[in-house]
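Structure, as structure tokens:
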Amino acid sequence: MKAAIISLRSLSSKWVYEAMKRYFDEVDDINLKDIRVNITGKGMEITYQGKPLPKYDCIYAKGSFRYANILRSITKEIYSECYMPIKSEMFSIGHDKLLTHIELVEHKIPMPATHVTSTIEAAKEMLENVIYPIVIKFPQGTQGKGVMFADSYSSASSLMDAMESLQQSVLIQEFIDTGGEDIRAIVIGDKVAAAMVRKAKVGEKRANIHAGGVGEGLVMDAHSQQVAVNTAKALGIDICAVDMLETPKGPVVIEINLSPGLQGITDATGIDVADKMARYMYKKTQERKGVVSKEQPTAQELIREVEKKTEKQLQQVISCLELRGERILLPKMVTTATKFNDQDEYVIEAEEGSLKIKKFS
């Protein structure tokens with residue numbers, strides 16, 4: 001099977017490319033900046049380095065918010081032809097914090113209270129009625145850029161004055177104090193493949209690794225994992241990062257990232273996230289093509305299979321019973337196979353020539 005990764009060739013993308021080569025027969029490393037989309041009355045044509053983009057069984061397209069439009073254009077044209085972990089419309093929605101919030105609220109994903117206005121003047125009026133401190137965000141931005149904090153009306157109003165010249169809408173969001181910590185979970189399919197706690201450096205509220213934060217590996221509780229997975233499912237995305245805050249009422253989602261950096265979480269957890277991504281894409285591509293996986297069983301699976309066969313053999317052993325007065329003593333192999341003990345209760349069914357013992361539950 002033939003695959004490609006379309007990216008800006010960051011280090012994380014190179015890791016995924018190398019991992020994909022371990023699974024697919026052929027993998028192309030395509031620079032997003034060398035792709036052109038030609039739209040005419042007859043349709044769309046996608047070219048790479050002046051030639052039509054080849055056909056692939058799997059394409060992993062990724063890039064920053066600045067390339068959202070071309071990513072959507074590329075994937076819109078070829079989404080139906082191969083497996084892709086991100087739907088085309090999600091490059092517009094997922095790279096816009098407001099659109100992401102609107103999409104997630106429809107699926108009842110827990111999030112901080114968020115406000116948006118059409119003008120800076122309207123935002124200033126809203127500042128008179130919010131509880132401080134607050135978070136002010138631009139709708140687009142990654143790595144913690146475009147995220148500001150204000151602890152009073154005067155500081156928030158000053159930030160609004162500075163942003164007015166940029167002629168951008170802003171989001172006003174409640175501030176949840178977590179001591180400068182947040183959680184990043186990498187969701188792959190229906191599982192959290194890896195997670196870490198990110199801790200902001202001294203004097204900084206943003207916990208992003210690119211903003212100087214430090215990551216520590218984390219085993220998330222089942223509920224938090226489900227919130228992360230549900231967030232990705234709500235957006236129709238198979239691979240992404242979900243950023244969350246842990247609150248007394250449970251986790252809340254603050255952002256999703258379609259092109260997460262892998263260095264920090266790989267170092268923090270020791271998990272080869274790039275390999276997990278590549279392996280998942282390979283399996284989904286197989287499923288799409290109707291190919292049955294011939295994956296070898298793991299050592300643990302082989303051991304369990306042997307145990308099952310051993311248990312079955314024990315159940316079929318013919319043995320004499322030892323009688324002591326009116327009591328029946330069962331052979332040791334019976335308690336070994338059934339794991340019966342004297343602390344539990346059991347249901348016993350007895351009739352001539354037959355005895356059934358089952359744990360009471």
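Every number here is computed from the coordinates shown, using simple stated rules; none is lab data. In this text, all values refer to a predicted model and were calculated from it rather than measured experimentally. Glycine also receives a Cβ, built like all others from the backbone with ideal geometry; neighbour counts cover every protein chain displayed.
5 Å is the cut-off here: which amide hydrogens, built 1.01 Å from N in the peptide plane, fall below it relative to PHE175, excluding neighbours closer than 5 in sequence?
When sequence neighbours closer than 5 places are left aside, the close amide H contacts are VAL135.
What list do you get for THR338, THR100 if you sort them by fewest beta carbons within 10 Å?
Taking fewest neighbouring Cβ atoms as first place, the list is THR338, THR100.
Using the count of nearby Cβ atoms within 10 Å as a rough guide to exposure, how do LEU71, LEU245, LEU99, LEU258 rank from fewest to most?
Placing the least packed residue first, the sequence is LEU99, LEU245, LEU258, LEU71.
Taking the Cα centre as origin and putting +1 on Lys and Arg beta-carbons and -1 on Asp and Glu beta-carbons, what dipole magnitude results for the range 2-93, to the nearest 20 debye?
280 debye
Out of residues 5 or more away from TYR83 or on other chains, whose amide H comes under 5 Å of its own, with H placed 1.01 Å from N in the peptide plane?
CYS58, ILE59
Provide ASP182, ASP344 in ascending order of the number of other Cβ atoms located within 10 Å of each residue's Cβ, fewest first.
Lowest to highest Cβ neighbour count: ASP344, ASP182.
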